[in-house]
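Colleague: My questions will all concern the structure given below.
The values are calculated or read from the model by the stated rules, or taken from the named source; none is laboratory data. Please read these numbers as outputs of a predicted model, since none were measured by experiment. We place every Cβ from the backbone using ideal geometry, glycine too, and count neighbours over all the protein chains shown. We work out accessible area using only protein heavy atoms, side chains counted, and drop any ligands, DNA or RNA first. Shrake-Rupley method; radii C 1.70, N 1.55, O 1.52, S 1.80 Å.
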Amino acid sequence: MEFIVGDFSLKRSSRKVGFKVLGCWVTFNRNDLELAARIRSAWDTFQKFAPILCCRVIPLVRRLNILDRVVLPALFLCAGSWNLSKDQFSSLRALHGKMLRKMLRFGHNESESLDEFMERSNRIIQH
């Protein structure tokens, strides 16, 4: 569908594609597009502050505070209207776990399976 406003011709986006308004993607179905953009933004912010977040000299409590104050706002910008599915919610939890493992510099031993590594790292993160 096309709209004509003055001398300008505007095309309406399809429901799947949506459109970007004030830095947020608006779609009329699921929030997959906006969620992917927010996750990219969170990783970009994490990489920007990685020298601080991954520094072992700085106490962990302070680094977690920085993560909460800097990275999470980049992730949850305009999140008040999200209606997430279980898969989307679990991907956000996984993202947070990945960032924590990167901050703590967990290494995967060659002798352990991926399940054992995840179990070990999650056990340490939860305490």
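Colleague: What single numbered condition from (1) under 21 Å from Asn122 (Cβ atoms); (2) open to solvent by 90 Å² or more (accessible area, probe 1.4 Å); (3) assigned to a helix (DSSP H, G or I) fails to hold for Arg69?
Modeller: (1)
Colleague: So Gln88 passes all but one of these: (1) polar (S, T, N, Q); (2) in a loop (DSSP other than H, G, I, E, B); (3) touching a helix residue (DSSP H, G or I) at 6+ places or on another chain (Cβ under 8 Å). Which condition number does it fail?
Modeller: With respect to (1) polar (S, T, N, Q); (2) in a loop (DSSP other than H, G, I, E, B); (3) touching a helix residue (DSSP H, G or I) at 6+ places or on another chain (Cβ under 8 Å), Gln88 is out only on (2).
Colleague: Would you tally the residues in the range 75-99 being open to solvent by 100 Å² or more (accessible area, probe 1.4 Å) and within 25 Å of Pro59 (Cα to Cα)?
Modeller: Total meeting the criteria: 2.
Colleague: Can you tell which of Val61, Val57, Val26, Val5 is open to solvent by 80 Å² or more (accessible area, probe 1.4 Å), modelled with pLDDT under 70 and not charged (D, E, K, R)? Let's see the steps before the verdict.
Modeller: Details: Val61 fails: modelled with pLDDT under 70; Val57 fails: modelled with pLDDT under 70; Val26 fails: open to solvent by 80 Å² or more (accessible area, probe 1.4 Å).
Result of the check over Val61, Val57, Val26, Val5: Val5.
Colleague: Still on this structure, I have one more. With respect to the numbered conditions (1) modelled with pLDDT of 85 or more; (2) over 27 Å from Glu34 (Cα atoms); (3) within 19 Å of the chain's Cα centre (by Cα); (4) not polar (S, T, N, Q), which one is the sole condition not fulfilled by Lys48?
Modeller: Every condition holds for Lys48 apart from (2).
Colleague: If you don't mind, another one. Would you mind stating whether Lys102 is modelled with pLDDT of 85 or more and surrounded by 10 or more Cβ atoms within 10 Å (Cβ to Cβ)? Working first, answer last.
Modeller: Details: modelled with pLDDT of 85 or more: yes; surrounded by 10 or more Cβ atoms within 10 Å (Cβ to Cβ): yes.
Criteria met by Lys102.
Colleague: If the Cβ limit is 9 Å and pairs must be 6+ apart or interchain, which residue in the range 104-116 that is more than 30 Å from Ile52 (Cβ to Cβ) pairs with which residue that is open to solvent by less than 100 Å² (accessible area, probe 1.4 Å) and among the polar types (S, T, N, Q)?
Modeller: Glu116/Asn109
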